[in-house]
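Structure first, commentary second.
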Amino acid sequence: MEALQNYLSSLPGACAQGMIWGIMAIGVYITYKILDIADLTVDGSICTGAAVCAMMMTMGAPLPVAMICAFIAGMLAGAITGFFHTFMGIPAILSGILTQLILWSVNLKIMGIARDASSAANIALSARNFDLCVNMMEMHKSLVVLEIFAVVLIAVLYWFFGTEYGSTLRATGANPAMSRAQGISTSKSKVVGLVLSNGIVALAGSLLAQYQGNADINMGKGAIVIGLAAVIIGEALFGWLSRNNFALKLISVVLGGIVYFIVYSTVIYIGLDTNYLKMLSAIVVALFLAVPYWKKKYLSNTNSIEKKEAKALLKAQQKEAKKKGEQ
Amino acid sequence: MLELINVCKTFNPGTINAKKALKGINLRLNPGDFVTVIGGNGAGKSTMLNAVAGVFPIDSGEIIIDAEHVEHLPEHKHAKFIGRVFQDPMTGTAATMEIQENLAIAARRGERRTFKWGISSKEKKHYRELLATLELGLEDRMTAKVGLLSGGQRQALTLLMATLKQPKILLLDEHTAALDPKTAAKVLELSDKLIAENNLTAMMVTHNMKDAIEHGNRLIMMNNGNIIYDVSGEEKKNLTVEALIAKFSESSGQEFANDRALLT
Ligand SMILES: Nc1ncnc2c1ncn2[C@@H]1O[C@H](COP(=O)(O)OP(=O)(O)OP(=O)(O)O)[C@@H](O)[C@H]1O
Ligand SMILES: [Mg+2]
């Protein structure tokens, strides 16, 4: 009974955490879904956001300033990855890993500033000492604040990706060759996407630091997997709702994050060893990522678009071959 | 309108796979020229068109479009001058975007993209009228994803996109090769119509000798990285497929070899 009580009382917390990670996953959505880049920078930039926010607060900055700085720091991290990828020609995955490593050192240094030390692995950001917008003690307020954050963010992104400029990012992810033929600099689009994405991830990091009451060098470990999980779960469970509407798709991502953390709480309630959670998430994400591949490979009679197109192409080729044979 | 001066391109230079694909191409197109390009496998036809489009940097030579040197510009800056349709129907359009979104992106080729909304209702009306002229029923499917269209529909749409904003040069690289004969003929007819209506300067690579003779006002033949035959006017009109093949053997000392060539 007590366990059940604990479980039920953990649900609002799961929702709050889910929303924070859902906001983070919107950043992942931009790179992974829109630009077709798997960006591992996020494991570092979420911590950068947390570290910058906690450090600035400790140094006496007001919360909005601290959060804006966290956002900018994340954008810089994305810019580094973009630079590696487009200017130095390094594959996107490797570029992200390199930036992640750079951020490991940078994050330690940032947190060191707050402690007046050369580096620090964590710093506290307690609601007792600071005026925070989300924290575990005021769950109701936190949920409202996070909701507002999510709604405003989604509204801004809906507008951005609907503009002439935002369309170039979508085109770049959809078909780079076509984009360049239409005068779009795909390198620039990718950098802008990475910058925007990591800014959002860092902003989520600043919210996470407030929520859990500290910034910690390890808080970003596996963040990409949680982000992808939120995107994938959102799509699987709420994809039928969103259809072609971009705003609804982003809402599904946030909902995906919430579902992820409710499952997480449930797993704890059931009594599973929580050490297995990261492994489980990774396996679930791996399976979901495999689905489109398996569909293509094993379900020969799906009427997916690619299948239809492949068939049409094959038919054309056969016709041509036949024609050649006739000559 | 377009001038190529001594354009050279080697792929994989300095390796055993080094391939001299263009060996000093000289070509001058006058405004309104519609040039068909033929040649054997690996003759350098696609490479020449890609050089004009700026897909890769050339080794040496000059490319001048409308009195502007473009050989040092990246691909996306060439786009201001050039409309393109590719051999693969998948290449020219964004499958996951709507028909009208693809058109809106093409309508802004070479322009600054602002933070204005990506497509206006005035535009939509214009696109609907344009799509209706294709007679493919696309005007009623403007918000459908392009990935749902057939290869022929996609090529027709790509043609529309390439000419939506008047290009200085239209490049067509075997753009009907992946289509069935009936669709290919329709897309070719549309190409002719758009080129004539907009008075475009165009280059069209084709493996169909008959098409090469029947379309355009000028024909060039390529072999082994060189232009070996360049004919226009009355002389071109009077060409026959046999004469072309004979011309090829005469100029190159080889049999004409293109496994996809249609000689009849
Ligand atoms: N990206 C590339 N890397 C290396 N070699 C290339 C590349 N593109 C073309 N080539 C080579 O350059 C030569 C010219 O190729 P190109 O594609 O221009 O021929 P083409 O005239 O278009 O022939 P086809 O009728 O087969 O399309 C060929 O030998 C080809 O193998
Ligand atoms: Mg070719």
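The values are calculated or read from the model by the stated rules, or taken from the named source; none is laboratory data. If you're wondering where the values come from, they're calculated on a predicted model, not measured in any experiment. Cβ: placed from backbone, ideal geometry, glycine included. Neighbour counts: every protein chain shown. Ligands, DNA and RNA are excluded from the accessible area calculation, which covers all protein heavy atoms including side chains. Shrake-Rupley method; radii C 1.70, N 1.55, O 1.52, S 1.80 Å.
Quick notes on this one:
- Flag for A:ILE110 being open to solvent by less than 50 Å² (accessible area, probe 1.4 Å), out of contact with any Phe, Trp or Tyr (no Cβ under 8 Å at 6 or more places or on another chain) and of a type in the set (A, V, I, L, M): yes
- Output for segment B:32-48, where each listed residue is more than 9 Å from ligand 2 (Cβ to nearest atom) and within 14 Å of chain A (Cβ to nearest Cβ): none
- If the condition is being closer than 17 Å to B:PHE34 by Cα and open to solvent by less than 50 Å² (accessible area, probe 1.4 Å), then segment B:54-71 contributes only B:ILE65.
- Listed conditions (1) in contact with a Ser or Thr (Cβ under 6 Å, 6 or more places away or on another chain); (2) within 16 Å of ligand 2 (Cβ to nearest atom); (3) free of Cβ contacts under 8 Å to residues at least 60 places away in the same chain are all met by B:GLY92, apart from (3).
- Residue pairs whose Cβ atoms lie under 8 Å apart, separated by 6 or more positions or on different chains, with the first residue in segment B:16-36 and on the phi > 0 side of the Ramachandran plot and the second open to solvent by 70 Å² or more (accessible area, probe 1.4 Å), are B:GLY24/B:ASN6; B:GLY32/B:ASN199.
- Within segment B:211-230, the set of residues being more than 14 Å from B:VAL35 (Cα to Cα) and either within 14 Å of chain A (Cβ to nearest Cβ) or within 16 Å of ligand 2 (Cβ to nearest atom) (or both) comprises B:ASN223, B:ASN224, B:GLY225, B:ASN226.
- Flag if A:ALA155 is small (Gly, Ala, Ser) and either open to solvent by less than 30 Å² (accessible area, probe 1.4 Å) or modelled with pLDDT under 95 (or both): no
- Residues in segment A:11-31 that are touching a Ser or Thr at 6+ places or on another chain (Cβ under 9 Å) and aromatic (Phe, Trp, Tyr): A:TYR29 alone.
- Of all residues in segment B:105-145 being facing another protein chain (nearest Cβ under 7 Å) and surrounded by 14 or more Cβ atoms within 10 Å (Cβ to Cβ), the one that is farthest from the chain's Cα centre (by Cα): B:TRP117
- Those residues of segment B:72-97 which are open to solvent by 10 Å² or more (accessible area, probe 1.4 Å) and facing another protein chain (nearest Cβ under 8 Å), in sequence order: B:PRO74, B:GLU75, B:HIS76, B:LYS77, B:LYS80, B:ARG84, B:PHE86, B:MET90, B:THR91, B:ALA95, B:THR96
- Only a single item in (1) open to solvent by less than 30 Å² (accessible area, probe 1.4 Å); (2) more than 9 Å from ligand 1 (Cβ to nearest atom); (3) under 18 Å from B:MET222 (Cα atoms) is not met by B:ARG28, and it is number (1).
- When segment A:161-184 is filtered for residues that are touching a residue at least 12 places away in the same chain (Cβ under 8 Å) and polar (S, T, N, Q), the ones remaining, listed by number, are A:THR168, A:THR172.
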